[in-house]
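**Student:** The following block contains the structure, expressed as structure tokens.
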Amino acid sequence: MPDAKVKLAFELNSEPVEVAFAPHKTLLEVLREDLGLTGTKHGCELGECGTCTVLVDGKPVLSCLVLGLACAGHRVKTVEGMAGGGSLHPLQDAFAELGAAQCGYCTPAFLLAAEALLGETARPTRDEIKQALSGNLCRCTGYLKIYEAVELAAARLRGEDAKPAPESLYGVR
Amino acid sequence: MASGKKAAVTQPAAVGRSDGQLRVVGKAIRKVDATAKVTGATRFADDLFLPRMLYAKLLRSPHPHARITGIETSKAQALPGVKAVLTGRDLPIPFGILPVSQDEHALAIDKVRFVGDPVAGIAAASEEIATAALDLIDVRYESLRPITDAEDAITHPEPRIHDYGDGGNLHKLVNLEFGDVAEGFAEADLVREDLLFFEGSTHLPMEQHAAVADWSPLPDGKLTLWSSTQTPHYVHRALAKVLELAPAKIRVVATPNGGGFGGKSDPFSHEIVVAKLAMLTGRPVKITLTREEVFYCHRGRHPTLMWVKTGVKRDGAITAMHFKSLLDGGGYGSYGVASTYYTGALQTVTYDVPRYKFQGARAFTNKPPCGPKRGHGTPQPRFALEVHLDKIAEQLEMDPAELRLKHLVPPNSLTANWLKIGSMGLGECIRRVIDGSGWRQKFRKLPPGQGIGLACSSYITGAGLPIYWNPLPHSGVQLKCDRGGGVTVFCGSTEIGQGSDSILAVLVAEILGLDPFDVAVVTGDTDLTPVDLGSYSSRVTLMTGNACIQAAERARDAIASHAARQLEVPVARVAFADRRVFDLEDPTHGLAFADAVQLAEAAQGTIGTVGSYTPAPSPGRYRGAGVGPSPAYSYSACVALVDVDPASGIVRVPRVWIAHDVGRSINATTVMGQIEGSVYMGLGEALMEEMAYRGNRNVVHKIPSLLEYKSPTTLEMCDVVTYVVQDPDPNGPFGAKECGQGPLLPVPPAVANAVYDAVGVRVDEVPITPEKVFKALRRKEKGQPARYGPVTFPEIAWPEPTRVPTPWEGGDGRAVEGGGRRATEAARRP
């Protein structure tokens, strides 16, 4: 019953990979089941929630709607590829610092969507952040700490010595 | 483990209190699991892959109400790759979360009760094969008339969905009276009645439920279940019962939950089915529900129709309140008996209500079962009460904030229904949101289409009584000090994203003078950790916190006694901070924490302690008094600003001001996150979230998908201005109360009241959809009542009331008449 496996080569988290998988599989399934990268999550597998977002050639895509076969020769980035050299990416660090990851299930997708945004604009407005993340659902945070974390990380990536606002951490005193 | 108790008894209690400064508690600290979560390293249940693992799927009923007349599974069995097929006959023992509602079977036996009710389970070599095999199972059904909603259940006692309950299709009837409400209404200057409806909604955690089971063959005969559950202890109990295994032969591991919100608090069919399939096949078996199936698991907010009648004096003082609720329970009991009581329990804990009557009814209907969603049974009555009070304030020509501030329940008091209030920061909460929002300059003064509304609320910090009534602790903690200076804390509590693991680390760090990241946390594993009842009822910070403090203080006392000898100072002067143990009067005179641990270990052996927590008994002793008591009540006040477009009826909420009395903030980061997340979920319920079913008699869920079930995205979420009010409660760890559920409650009524302020129409029903606003505006234009909402409350054959004298009538917390007539275990067990 299983289809004969196909072998595919692409770039994953800056390294070349070759993987054999059943040809009907989505990128989401190839990443999780055939490559063991479970950092990419799923919330619907119908392209509705954004939870499976990864970057393909730097652009956010819903990995549940992309066939693995379509990725031949492309650059794929998952959350496992964000931290480098033993330290967190500034977005990851800001998410952790501000509590933008509560249950953490939607977090990898938000991080990658935010990374794509910051790749395009170093100083996004709050509205630009909302637009860029509007395809990703989060049920824990109400998004506010996510916005603040993206803004904090953006500032740090610009080289600023940015700190969270006190009211962001403690409320309005 | 060495006995911590012994150490605690032989040492003075004041030891190690350092200089009274809190070094860790209350600071903004990243969660102990934050790094794992931002790197994708956290292993959720579906991230577990075991060698030789099989995949399970469930066949679910396509009928809302039907008898099963036959199941033929041989074709499915014969499909290559299928390893086992289960039907209801294989798992005949019923289960359920409450002892009084053991009405579920892992797979339906004779009857299905909602579209989505599981009927058969398959384990196969792959998900694809398992799915294909589902189509080969032939189930013959004989349709029964479905019961579509609560009013249908009242008018149609037959056919019965269950053969137990309070008659026909009514699962539970409650009738409680505290003081003479008729007398109170007679004393009132104004008596007002209102009808309101709160639509059902679902938790919608981003993680679909998943579970993996593994069976170690005889002579081990041991089952391990990893599951996305908020209540591993109750799953443990249900597995032992249904599978007829000794509890010691079952290990339940609660994997980190990718969101719970109450939706993973029941033992579920799929957990039992994969366990049985693993036992039958001798191989690990995984199941991951589809998003559609998550909608069928549900256990979400009960759709609730409410009638409230309140008598007030001219100054707004309440003389009496009578509240009725009718809950649409869905196909099974779940937590529904407790939910029913909760729709009547907390009306008394915000404003002084001297006489109170509550009548509640829960109906069985042929829909996915309702249960506990964030706020469990209390957001509905809170919506009703706060909108009702807004209308009363207008009739009295009083500012709604002033009305509330004048009649607050005093701290350290008893309510009419015998709830014991400790700290009570609602007044401060109201003042903060009023000042912060510029309420006095805005209320009834904004331009047409803009409006501002106020509402308040309260919530329990943990249910005062356990689900299984027994004298055992609600939470236990074990603590081990490593000679290298690290500490490991073990607790059955379950991390669902709310930050409960971090609470343990912060409290241990505070007491032993460590950094929270020096503390390893092991939670939610029935083999490794002492029982904690679970992540529900906002109980974890208070209950595990108190247990954790006890264990940590016992360790501190043991270490201090040996350090004192080494430092040659009185033990009362031994302080713990900055990973050191030192003389409080000469902080340079001390030793490293690790060295102090080694001293103690050398002298008395391994340093391990235990702590546990049991809430004090509550003063209410009538039947039904089990729901509502809590060690502490949190308080919230909320002001919502709205823009209403009269042409479309679309309501936008640009900003919410929320103040929450958390008693004491343990970790500022998680407190802020819980408050903002609660506002978000309340906003969704206020404006768009609804579990809707097709209007015909098939009772099919209209929209079991994330696309069609509307929840707020970044584009709908409002700005939130948060005020953290800290009115420490003596029962809380360092005074802490809950913050994960309470701040949701005032949001829907604040939005409803703001809509009225904006366009002068009352939408007495959530969600406040554009259609409802538009209809109410049209009625206003035509000179009809400017309102959208329910117009009648059905006749219900209530039982005789249980009459309980109030504390100020000289009562003793017991009923005087009728109290025993409906005596059921349910009444005593939340």
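**Student:** Tell me which DSSP H helices of chain A clear both cut-offs, 15 Å or more of axial length from alpha-carbon atoms and a mean Kyte-Doolittle hydropathy of at least 0.0. Present the calculation step by step, with values, prior to reporting the outcome.
**Tutor:** Details: long enough: A:107-120 (20 Å, 1.11); A:144-157 (20 Å, 0.76).
Span-like helices in chain A: A:107-120, A:144-157.
**Student:** Looking only at other chains, what is the average number of their beta-carbon atoms within 10 angstrom of each beta-carbon in A:43-51?
**Tutor:** Working: counts 10, 9, 4, 6, 2, 6, 7, 3, 5.
Counting Cβ atoms of other protein chains within 10 Å of each residue's Cβ and averaging gives 6.
**Student:** Find how much the distance from B:Ala78 to B:Leu22 grows on full extension, using 0.36 nm per residue of separation minus their present alpha carbon separation; answer in nm with one decimal. The partial results should precede the final answer.
**Tutor:** Numbers: separation 56, 0.36 × 56 = 20.16 nm, distance 6.58 nm.
Roughly 13.6 nm would be gained on extension.
**Student:** Listed highest first by mean packing, meaning other Cβ atoms within 10 Å per residue, what order do B:432-444, B:31-43 come in?
**Tutor:** Numbers: B:432-444: 17.3, B:31-43: 22.5.
For the peptides B:432-444, B:31-43, the packing ranking is B:31-43, B:432-444.
**Student:** Next up: Would you order B:Leu414, B:Leu504 from fewest to most other beta-carbon atoms within 10 Å of each residue's own beta-carbon?
**Tutor:** Values: B:Leu414 19, B:Leu504 31.
In order of increasing Cβ crowding within 10 Å: B:Leu414, B:Leu504.
**Student:** Over segment A:1-50, what is the mean sequence separation of C-alpha contacts under 8 Å (at least six apart), divided by residue count, expressed as relative contact order in percent?
**Tutor:** On the way: 45 pairs, mean separation 12.2, N = 50.
Relative contact order here is 24 percent.
**Student:** Could you state the per residue volume, in Å³, of the convex hull enclosing the Cα atoms of segment B:317-371? Intermediate results must be reported in sequence, preceding the final value.
**Tutor:** Working: hull volume 3.6 nm³, N = 55.
Dividing the Cα hull volume of segment B:317-371 by its residue count gives 66 Å³.
**Student:** In the protein assembly as shown, what percentage of the DSSP-assigned beta bridges are antiparallel, given to the nearest 5? Walk me through the intermediate numbers first.
**Tutor:** Details: 117 of 154 bridges.
Among the beta bridges of the protein assembly as shown, antiparallel pairing accounts for roughly 75 percent.
**Student:** Would you mind putting B:236-246, B:101-111, B:334-344 in packing order, based on average other-beta-carbon counts within 10 Å, highest first? Working shown, then result.
**Tutor:** Numbers: B:236-246: 18.5, B:101-111: 22.0, B:334-344: 28.8.
Final packing ranking: B:334-344, B:101-111, B:236-246.
**Student:** Here is a further query. DSSP beta bridges in chain B, what fraction antiparallel, as a percent rounded to 5? Provide the component values of the computation, followed by the final result.
**Tutor:** Values: 102 of 137 bridges.
Among the beta bridges of chain B, antiparallel pairing accounts for roughly 75 percent.
**Student:** Also, I was wondering about something else. Which value at 222 nm does chain B reach when only helices count, each DSSP H run of 4 or more adding -39,500 (n - 2.57), with the total divided by all residues and rounded to the nearest 500 deg cm²/dmol? Spell out each step's value before the answer.
**Tutor:** Working: 21 runs with 223 residues, N = 830.
One gets -8000 deg cm²/dmol as the mean residue ellipticity at 222 nm.
**Student:** Return the inverse of the average 1/r over all pairs of distinct C-alpha atoms in segment B:252-296, which is the Kirkwood hydrodynamic radius, in Å to one decimal.
**Tutor:** 12.0
**Student:** While we're here: Considering only DSSP beta bridges with both partners in segment B:294-389, what is the antiparallel share in %, to the nearest 5? Please report the intermediate quantities before stating the final value.
**Tutor:** Values: 9 of 18 bridges.
Roughly 50 percent of the beta bridges in segment B:294-389 run antiparallel, per DSSP.
**Student:** If a/c stays under 1.5 just call it rounded; otherwise compare a/b with b/c (prolate if a/b is bigger, oblate if not). Do that for segment A:21-72, with a ≥ b ≥ c from the square roots of the Cα gyration tensor eigenvalues.
**Tutor:** Note, shape of segment A:21-72 comes out rounded.
**Student:** At 7 Å along Cα-to-Cβ for each site, give me the label-to-label distance between B:Gln441 and B:Ser648 in nm.
**Tutor:** Label at B:Gln441, label at B:Ser648, 3.0 nm between them.
**Student:** Pop out the Kirkwood hydrodynamic radius of segment A:90-166 from its pairwise C-alpha distances, inverse of mean 1/r, in Å to one decimal. Before the final figure, lay out each step's value.
**Tutor:** On the way: mean 1/r = 0.0825 Å⁻¹.
One over the average 1/r among Cα pairs gives 12.1 Å for segment A:90-166.
**Student:** Longer than 31 Å from Cα to Cα, which of B:Lys313/B:Lys445; B:Lys111/B:Lys286; A:Lys163/B:Lys480; A:Lys163/B:Lys420 are they? Say none if no pair is.
**Tutor:** Going by Cα-Cα distance, A:Lys163/B:Lys480; A:Lys163/B:Lys420 fall outside the 31 Å limit.
**Student:** If Rh is defined by the Kirkwood formula over all Cα pairs and Rg also comes from Cα, what ratio Rg/Rh do you get for segment B:509-664?
**Tutor:** The Rg/Rh ratio comes out at 1.18.
**Student:** While we're here: Give the long-range amide H neighbours of B:Lys111: residues separated by 5 or more places, or on another chain, with amide H under 5 Å away, using H modelled in the peptide plane at 1.01 Å from N.
**Tutor:** The answer is B:Ile68.
**Student:** For a footprinting-style exposure proxy, rank B:Val387, B:Val569, B:Val656 by other Cβ within 10 Å, fewest first.
**Tutor:** Values: B:Val387 28, B:Val569 19, B:Val656 31.
Ranking B:Val387, B:Val569, B:Val656 by Cβ neighbours within 10 Å, fewest first, gives B:Val569, B:Val387, B:Val656.
**Student:** Sticking with this structure for a sec: What's the whole-number percent of alpha carbon pairs in chain A lying beyond 30 angstrom?
**Tutor:** On the way: 2937 of 14878 pairs.
That tail contains 20 percent of the Cα-Cα pairs.
**Student:** What is segment A:90-166's relative contact order, in percent, from Cα pairs under 8 angstrom and six or more apart in sequence? Walk me through the numbers on the way to the answer.
**Tutor:** On the way: 76 pairs, mean separation 33.4, N = 77.
This gives 43 percent for segment A:90-166.
**Student:** Give the order of A:Arg32, A:Arg173, B:Arg565, B:Arg579 when sorted by the count of other beta carbons within 10 angstrom, beginning with the fewest. Kindly include the intermediate steps, with their values, before the conclusion.
**Tutor:** On the way: A:Arg32 23, A:Arg173 7, B:Arg565 13, B:Arg579 16.
Exposure proxy ranking, most exposed first: A:Arg173, B:Arg565, B:Arg579, A:Arg32.
**Student:** Still on this structure: Would you compute, for the Cα atoms of the protein assembly as shown, the largest minus smallest coordinate along each principal axis and list the three values in descending order, in whole Å?
**Tutor:** Here the spans come out as 80, 76, 61 Å, largest first.
**Student:** Another question about this same structure. Can you pull the mean other chain C-beta count within 10 Å for peptide B:713-725?
**Tutor:** Partner-chain Cβ atoms within 10 Å, mean over residues of B:713-725: 6.
**Student:** On to the next question. Say R0 is 30 Å: what FRET efficiency, to the nearest 0.05, do A:Ala162 and A:Asp57 get from their beta-carbon distance?
**Tutor:** Efficiency, rounded to the nearest 0.05: 0.55.
**Student:** Also, I was wondering about something else. With contacts defined as alpha carbon pairs under 8 Å and 6 or more residues apart, what's the relative contact order of chain B in percent? Walk me through the intermediate numbers first.
**Tutor:** Details: 2287 pairs, mean separation 143.0, N = 830.
Computed value for chain B: 17 percent relative contact order.
**Student:** Hey, got the average number of other protein chain Cβ atoms within 10 angstrom for residues in B:674-680?
**Tutor:** The per-residue average across the peptide is 5.
**Student:** Can you quote the Å³ per residue value for the convex hull of the Cα atoms in chain B, rounded to an integer?
**Tutor:** On the way: hull volume 134.7 nm³, N = 830.
That works out to 162 Å³ per residue.
**Student:** I need the calculated FRET efficiency for the pair B:Gln395 and B:Arg621, taking r as the beta carbon distance and R₀ as 25 Å, to the nearest 0.05.
**Tutor:** Working: r = 38 Å, r/R0 = 1.50.
For B:Gln395 and B:Arg621, the calculated efficiency is 0.10.
Laboratory data are not the source of any read-out in this text; all were calculated from the coordinates shown. Small disclaimer: the values here were computed from a predicted structure and weren't measured. Positions of Cβ are generated from backbone atoms using ideal geometry, with glycine treated the same way; all protein chains shown enter the neighbour counts.
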